[in-house]
Every structure is written in C-alpha cells, then in structure tokens.
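The values are calculated or read from the model by the stated rules, or taken from the named source; none is laboratory data. The structure displayed is predicted, hence computed values, not measured ones. Positions of Cβ are generated from backbone atoms using ideal geometry, with glycine treated the same way; all protein chains shown enter the neighbour counts.
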Amino acid sequence: MTTISRRTRYVEGAHTCTVTEALRDGNTATKLSAVIMGYGNIVNGQIAKGLIFLATEIAYIFFMIRYGFTNLVNLVTLGSATQQEVWNEELQVYLYTQGDQSILMLLYGVATVLLTLVMFWIWRGTMKSAYTVELCKKHGKHVKSFADDIYDLFDENLYRTLMTPSMFFICALTILPLIFMILMAFTNYSKIDNHLVLFDWVGLQNFATLFDSGSVLGSTFWSVLGWTLVWAFFATFTNYFAGMVLAILINRKDTKAKGFWRFCFVISCAMPMFVSLLIMRTMLQPEGAVNVLLRTMGFLEAGESLPFFTDPTWARVTVIVINIWVGVPYTLLQLTGVLQNIPADLYEAADIDGATPVQQFFKITLPYMFYVTTPYLIATFTGNVNNFNVIYLLSGGDPVTDLGSTAGKTDLLVTWLYKLTIDKQYYNIGAVVGILTFIILAIGSLLVYRNSKSYKEEGGF
Amino acid sequence: MSKQNSAKAVRLRNNIIVHTILAILAAIWVFPVLWVIMTSFRAEKGSYVSTFFPKAFTLDNYIKLFTDTTILNFPKMFMNTLIIAIFSCILSAFFVLSASYCLSRMRFRMRKPFMNMAMILGLFPGFMSMIAVYFILKAVGLTEGARIRLALIMCYSGGAALSFQIAKGFFDTTPFAIDEAAMIDGCTRWQTFTKITLPLSKPIVIYTVLTAFIGPWVDFIFAKVICRANADQYTVAIGLWRMLEKEYIDNWYTSFAAGAVLISIPIAALFLKLQKYYVNGMTGAVKE
C-alpha cells in the first residue's frame, strides 16, 4: 500500500510546470506570487513553505537596499576617491580618510550579481511551486504539507538536499573567484603605472598587449605557450607508455614476484610529491648529490658539473625525465586494472594465429587502451598543461636566459601566471594568461572528447 | 636441439631480460626513497655529502623536529595539518559521494548542466582563482589566526563535488536493480543511498576517503597562499619547504628528511593497506 502511494507521488513529482505557464495560466494568487513570493503557497495552505519564500525575498530586498545597489554602481565605476590626509583640529593630527579600493568594489559587485542570479533562480522555483499547489487544489489532489516536503527532500528530491551545500561552496569558492579573475583581465589592475589600489576598466587592451609579438610580454607569451604544449605532450605520453609497458611487464604470465615489483614502484607514491620534487631539486643542483657522486667516481673533473637546471635544453629534458619518475607509479596503478580487463581470448586467438608479442601489443593492447582511456588521456593532458607543482618545485621556471622577460625557459603558462600575479603583481596580465590557457584547453579537449567513442556511448544515457 | 628445447631457451632468455629490466627500474624508483630514509638518520649536517651511506647514524634529527620549536614549530604544524586533513577529508568525501550518487541514480534538470559545468571548470588553471579566493576569505574575515584552518578546510573540500567522475563511473557499474528492489520494499532514496549503495561500494568509498585525505595532507601551494605570514598556522608542507630555504638548509636538511619520512608514514600505511581498493576503485568492481 505504502509502496503504491509512494510510486504515484513519484510520478506526480516528475511533472513540472514552467514559469511561463504559471504566469499565463495561474490564478491571481499565483500571479501575485511573482511580486510577493510565497503568497500563492500561503493562500493554498502551505504556510511554512510560503513564509520561507517570503523571508528570503525580504532578506534579499533588505540587502539590496542596504548594500546591493551601491555595490552594483561601484562595479561600473570601480571607485575614484584616493586615500587622503585630513587635518583633525581636535586631535591635532593628520588622519587618513578611507579611499576607494577597486579590488573590493569589484569583488562585492560580482558577488551581488551572483546573488541576484541565485535569487532569480529561487524566484522561478517559487513561481513553479505556487502554480503546482494551485493545480493540486484545483484538481482536488492532496496538497503537500510541510512534513511531506521535508520527507521528499530525503526521497525523490534527495538531490536537492545533497547538492545544495556543494553548490553553495562551488559558487562561493570556485565560480565567484573565477568570474572575479576573468573580469580582472579587462582592467588595468597591475603594478605597471601603480594601479594596485585604484584601477579602471580598459576593455581588451591587455589581450592586445599579449598578442602583440613586438612587446616583451607578447614574445614571452608565444615562447611559453610553445613550451607548455611540448611539455604537456611529452609528459602525458611518456608517462602513459612507460606506465603501460611497466604494467605489461609486471603482469606477464611468467613474471615472478608480481607483488614485490609493484610494491617497489608504488612505494614512491607514499612520499608526497612535493617532498620527492624538492629532494630531486637539491640532488641535481651544481653542488648536489648527483654531481658530487659523478665527481668522486671520476666521470667529471673537479669543479665541473652537469647543467641540470642552468642550461635550457638540459633543464627541459630534466623536468620531463623527473616527471616520468614521479608519474609512472600512478599510471601503473591506474592502467593495471584496465589492462586486466582486456578479454584474454583475444590474445589466445592471436597466439594461435602466430602473432608475436610486439604485434599483439600494437594490434590488440594499444587500440583497446586508447578506446578505454581517451577521457583519462585528455584529463592527464589538461592536468599537465596546468601542472604547477612539478615545474614550480623542481626548476622554478629556471633558467632565465633573457633578463628582460618575466618567464624562464621551463616556465609553463601556469607557473608564469603565478610569477606574474604573486611576484610581479601584474594581476591583469596574469588573468589574461589564465583565460587563454582555458580557451586553448577547452577547444582542444572538446574536439578530442566529442570525437572519442567513450563520449558517444556515455552521451547515450 | 629439439623445437621444444629452443622454445624453452627463448622463454628463459626473455624471463632473464624482463627480470633484469624490472630490477634496474625498481632500483631507480626505490633509490631516492632509500636516500631520504638514510638522510633522516644521518649524523652529519648539511645537504651536500660525498658518500651515499651516512658515516654515522643518529635519531637526533627526529628529536630535533619535536623539541627545537623556536624557529620552526613542527609539532604544531603536524597538528594543524592533521586537523585540516581530517575535517576536509570527511567533508569532501561526503560531497563527492553524494554528488556522484545523485548524478548516477537520479534524473533532474540540472544534471547535465552540472556535469558540463564541472568539465569546464576543470579546464581553468587551479590556482588562477586562488588569489581571488584569498580576497574572498579575507572579506569574510577568515584569514586571521585560528580561522585560517577553517578557511583551508573550506578551500580543500568546497569544490570537491566537481571531481565526481570516478565515483560516478563506479556507481554506474553497480546494478540499479538493487536500488529499485530497496525502494519497492519502502526505502526512501536517502535510506537506499546510506544503507544499500554505500555499503556495497566499499572500494570507491575507501578510494574517495583516501584521496580526500591525502590531498590536503600534502598540499603546498594553497596553504602557502592562504597562510602568508601566519607562522603558527603553517602546515607541514610549508614547514618542510621553509627548511630548504637558504638560511635554514644547512641546519635543517637532515631534519627535513626526518619530517618527510614522518608525513610519508601515514600515506604509505593507508596506501599499502588499501592498494587493492585503489585499483578496484578506478576500474569498478561490483558487477551484476
């Protein structure tokens, strides 16, 4: 009995009416809900729910009058009052007036806009709710009590309960900061010309600077971009193939002590990445363990050292090689399972047909792996384009060969972005670099992803 | 020589080659780890030594970490990191698992938009917004004193729901029929989630908890940007990083290694114990 009633309720919940319907076909109470949120619910007996809607509206209006409209105006002007000294007669001292801080104005402005959007979304919800309850009443159906609504939040509306806290944090700590940074790209918030306190909208000027290959920043951008792509390509595929070959070697039928070998590689995962990277860095310094060892063994003259991080080409190869060391154990773990899922009869058939292990690898293993792991490869590639840790902790972007430029020879777009914002305080240029990184990644991965079989099949449901 | 014998010889040769390669590679991978462990017991100070094996062994480096708290207060940092890691682990595991469950089992209007949004957000450089996050936390007063911990917990767990892909993939492979049976028997969605799906998905729960703990435990860059000059709120990662700065490295290098060993132990223990869950979590284990 209970099952059936729950089933029917589920079906009712599936029918959702739209806001347009509510505004067009609703009765007066429903239409009035557009202005006084929750009115329709209160009239039709859902008092608690209606009052919550109403309270939300009042809180929002209060906020907008008290702070919101000022914030919106400030978002456009970004402030103009500079900090000033004012002579205070009573105390006989100079006092500083609070000047405008453009950065806070921008932040509060964006937050207000975001809040308004959320409010609009809630408003749509209340309209639908009002119209639904009106329809229920009209058709003589059971009007849900507040207890029913709470119950639904743990049943068919469970996603609301579970996703709302996440969404709140995502909005506050991911989306809001992101919009904020994107907007920064259109301002002159930078140490250049001293715009750190007060700044203004400048439109697309920063993008023009970065694309102008004649300027220092422009030429740096293109070289950093080139290296970033080269790095991401090598970092992704060296790890992928090394991990795959290793996994195959360990999982071979004839290999003894599989657990032991796996343990040897996995044990390096236990050391946090930043620790192993810092240690690698100290070991590879001109006076570090590796060079000292080579000298005592007689491979190098006294005072001579291999230029791991001082020669551009050496540095680039070094970071890629060390990245293999860092990344392969993870790849090994992740690919082992996938490899074991390849149907064994494929290999048996190949064996009978006389295919060599090399042929089997290229004709069976590789196609299967590419098919299954395309999303994984894309994720790794994007992860490597944004691979801050390895470069920052290992080489710090060094060597810097061109003193006028802000980036070193191993700097990726992300580490360059870090240098631009944290060290140089060119916030606007940093934001432009971030946006461009995003655009490149988005176009690239969308193209690959859309064409991959894994997407087409997942898209089916 | 008969055909069988030559096949045997080839196989033996292949085995020898493979095992030699594996041994060499394993040595390369194990060497730095051994080196850190040995450095942590080394009696000589300083980062540059001419021998691979220490001349004398000592426990002083570990003792120094916990007693010499005037410059770098390691015990405090350790506690800070532990608290932050535990709380963000609980929160993010909850966020990830619940989001994955909803996206896998329920159909709602925001489902596809949410998944697309997660993919798009994942393409932005992670810390591009970090400075903005700092400004936001500052505006709500979370960047002073002990509230920094709260701020860090929020940063680590806040966006967790966006990395639902692996857990969702796992839930997708567990049979829906079990859920339906539970609901016919009168379970609400919430009960199905907590009493049926979660217990059946032990590998992915463990995998999620594991990654959610290790993330904050070893994070360096976020902690550095948020903590700034508040030395008493430093996490272990920043502490270790500082030990390698020019003014400290000569005195602290061996203690750095000791600290590195100490923070690696919990991860190593978790990892080895749960390795099979890690692999299973990645590939999906419960099959119909």
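Quick notes
- Members of the stretch B:192-205 found to be surrounded by fewer than 17 Cβ atoms within 10 Å (Cβ to Cβ) and closer than 16 Å to A:ASP155 by Cβ, listed by number: B:THR194, B:LYS195
- The helices (runs of 4 or more DSSP H) falling completely within the stretch A:360-461 that include 3 or more residues that are among the aromatic types (Phe, Trp, Tyr) and either free of Cβ contacts under 8 Å to residues at least 60 places away in the same chain or closer than 23 Å to B:PHE124 by Cβ (or both) map to A:366-385, A:427-451.
- Top-ranked residue in the stretch A:327-346 [being polar (S, T, N, Q) and either crowded, with 18+ Cβ neighbours inside 10 Å or outside the structural domain of A:MET280 (by TED's automatic domain parsing) (or both); ranked as farthest from the chain's Cα centre (by Cα)]: A:THR336
- Meets criteria (within 35 Å of the chain's Cα centre (by Cα), closer than 29 Å to A:LEU196 by Cα and surrounded by fewer than 20 Cβ atoms within 10 Å (Cβ to Cβ)) for A:GLN84: no
- Scanning the stretch A:48-75 for residues that are aliphatic (A, V, I, L, M), surrounded by fewer than 16 Cβ atoms within 10 Å (Cβ to Cβ) and touching a residue at least 24 places away in the same chain (Cβ under 8 Å) yields A:ALA48, A:LEU72.
- Residue within the stretch B:107-124 that is in a helix (DSSP H, G or I), over 30 Å from A:ILE440 (Cα atoms) and more than 10 Å from chain A (Cβ to nearest Cβ) present: no
- Candidate set from the stretch B:50-99 (those that are basic (Lys, Arg) and more than 22 Å from B:ALA223 (Cβ to Cβ)); member that is surrounded by the fewest Cβ atoms within 10 Å (Cβ to Cβ): B:LYS55
- B:PHE164 in contact with a Ser or Thr (Cβ under 8 Å, 6 or more places away or on another chain), under 24 Å from B:MET110 (Cβ atoms), at pLDDT below 85 and more than 9 Å from every other protein chain (Cβ to nearest Cβ): no
- Among the residues of the stretch B:133-155, those identified as under 25 Å from the mean Cα position of the chain (by Cα), assigned to a helix (DSSP H, G or I) and either touching a residue at least 60 places away in the same chain (Cβ under 8 Å) or within 14 Å of chain A (Cβ to nearest Cβ) (or both) are B:VAL133, B:TYR134, B:LEU137, B:ILE148, B:ARG149, B:LEU150, B:ALA151, B:LEU152, B:ILE153, B:MET154, B:CYS155.
- Residue match in the stretch A:333-344 (condition: away from chain B (no Cβ under 12 Å) and farther than 26 Å from A:TYR240 by Cα): no
- Out of A:THR116, A:THR132, one residue alone is touching a residue at least 24 places away in the same chain (Cβ under 8 Å) and under 25 Å from the mean Cα position of the chain (by Cα). It is A:THR116.
- Criterion violated by A:GLY125 - all others in (1) assigned to a helix (DSSP H, G or I); (2) crowded, with 19+ Cβ neighbours inside 10 Å; (3) more than 22 Å from the chain's Cα centre (by Cα) satisfied: (2)
- Members of the stretch B:178-193 found to be more than 17 Å from A:ILE150 (Cβ to Cβ) and either at the interface with chain A (Cβ under 7 Å from one of its Cβ atoms) or not hydrophobic (A, V, I, L, M, F, W, C) (or both), listed by number: B:ASP179, B:GLU180, B:ILE184, B:ASP185, B:GLY186, B:THR192
- Flag for A:VAL321 being without any contact (Cβ under 8 Å) to a residue 12 or more places away in the chain and within 30 Å of B:LEU274 (Cα to Cα): yes
- Of all residues in the stretch A:300-323, those satisfying the criterion of being within 21 Å of A:PHE234 (Cα to Cα), of a type in the set (A, V, I, L, M) and surrounded by 15 or more Cβ atoms within 10 Å (Cβ to Cβ) are A:ALA315, A:VAL319, A:ILE320, A:ILE322.
- The listed residue being touching a Ser or Thr at 6+ places or on another chain (Cβ under 9 Å) and either among the basic types (Lys, Arg) or within 30 Å of B:ARG105 (Cβ to Cβ) (or both), out of A:THR161, A:THR209: A:THR161
- Selection within the stretch A:100-158 - under 30 Å from A:TYR67 (Cβ atoms), among the small types (Gly, Ala, Ser) and within 14 Å of chain B (Cβ to nearest Cβ): A:SER102, A:GLY109, A:ALA111, A:GLY125
- Test: B:PHE170 is in contact (Cβ under 8 Å) with a residue 60 or more places away in the chain, of a type outside the set (Val, Ile, Thr) and at the interface with another protein chain (Cβ under 10 Å from one of its Cβ atoms): no
- In the stretch A:380-398 there is no residue matching the filter, namely being exposed (fewer than 15 other Cβ atoms within 10 Å of the Cβ) and at negative phi.
- Residue list for the stretch B:46-83, restricted to those being in contact (Cβ under 8 Å) with a residue 12 or more places away in the chain, within 14 Å of another protein chain (Cβ to nearest Cβ) and more than 13 Å from B:GLY259 (Cβ to Cβ): B:GLY46, B:SER47, B:PHE52, B:PHE53, B:PRO54
- B:ALA99 of a type outside the set (S, T, N, Q), closer than 28 Å to B:ALA231 by Cα and outside any strand (DSSP E or B): no
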